[in-house]
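Engineer: Right, I'll just put the structure down here and ask away after.
Read the figures in this text as sums done on the coordinates, not as results from a lab. Being a predicted model, the structure only gives us computed values, none of them experimental. With ideal geometry, Cβ positions are generated from the backbone for all residues, glycine too; neighbour counts draw on all protein chains shown.
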Ligand code: TRP
């Protein structure tokens, strides 16, 4: 008999356009993850409104992001892909968890402190209780693992603390999930500031998945190379951060090794190298962009994907929610 797969869950905020750093980093490894685990992926739209947003942008980004994930290889037949706000059980459980999370604990969250420093005019209650909603997102599916980046570690820890606390009072209701250090892939740096990670907040150094080939080429042609006198294509992240980043991108896009790339461009200088990396990236992203565009033109299909996803998610989430409601003493309907 086939062994039951472990359960993995991840939420992604539809707050920006996906870029090359996302793709060559974690995203690329997700198709392998759905083979190994039973995966739940959702667009965390509820989380985005802790900061003011433009409604039309949230809608567009949520749909685009679903299409992009499918185009990147997340087969919706093989995982549960849905939109957080379509499954009301998340917010229903969040209220219960609000009542089992302490003011002091939430006050110590570094993300809350950072975000309230940056948005002093809008320190709302949602920003403060954000970790409770995230804990609900997680615990409601009883996952074994939650993949975490550095910025979300503390949120997974508080989720575990709340689960342990709740279980201590009511018996084993929640599985206590483990953080999962996902394969990160390449750590892609900004094209015009190679000491910082590629990010949408530095758009000139950032290549978006949906960008036109000519724009991608322009960004690569303008990429910062290093001011050392050697001017040769050699991987050395200390001495040559800009060129090394480009070698890394070329390698990730084509599957070639650093040595092969160095040999290919020996004696050719940066003027030939930069457009070659651009072309490699254009070719690597082309099928993803085309598939995303095709999917976005087929709204009926996308609707069917997220409706089915929400139904499957709601079924599992409902079971946990009913158990929790019963344990805390709410009169059954
Ligand atoms: N807070 C996460 C982020 O900003 C998104 C998120 C919401 C999430 N709920 C989650 C991630 C549950 C993992 C599990 O990136």
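Engineer: Quick one: check the C-alpha center-to-center distance for segment 258-333 versus segment 106-162, whole angstrom.
Structural biologist: Using only Cα atoms to place each centre, the spacing works out to 22 Å.
Engineer: To continue, here is another question. Using a 10 Å cut-off around each Cβ, can you sort 95, 30 from fewest to most neighbouring Cβ atoms?
Structural biologist: On the way: 95 12, 30 20.
In increasing order of surrounding Cβ atoms, one gets 95, 30.
Engineer: Taking the chain as a Gaussian network, where each spring joins two C-alpha atoms under 10 Å apart, which residue of 122, 245, 22 fluctuates the most?
Structural biologist: 122
Engineer: Can you divide the C-alpha Rg of segment 42-172 by 2.2 N^0.38 Å and report the result to two decimal places? Walk me through the numbers before you get to the answer.
Structural biologist: Values: Rg = 15.7 Å, N = 131, 2.2 N^0.38 = 14.0 Å.
Scaled against compact globular proteins, the figure is 1.12.
Engineer: At 222 nm, what value in deg cm²/dmol follows for the chain if DSSP H runs of at least 4 each add -39500 (n - 2.57) and the sum is divided by all its residues, to the nearest 500? It would help to have the intermediate numbers written out before the result.
Structural biologist: Numbers: 14 runs with 178 residues, N = 333.
That calculation yields -17000 deg cm²/dmol at 222 nm.
Engineer: From zero outward in steps of 10 Å, how is the percent of C-alpha pairs of the chain spread across the bins?
Structural biologist: Going from the shortest bin to the longest, the percentages are 5, 23, 29, 24, 13, 5, 1, 0.
Engineer: Got a sec? How would 78, 274, 256 order by Cβ neighbour count within 10 Å, fewest to most? All intermediate terms of the calculation are to be shown ahead of the outcome.
Structural biologist: On the way: 78 13, 274 23, 256 16.
Lowest count first: 78, 256, 274.
Engineer: Additional query: Between segment 203-234 and segment 1-40, what is the C-alpha centre distance in whole Å?
Structural biologist: Using only Cα atoms to place each centre, the spacing works out to 28 Å.
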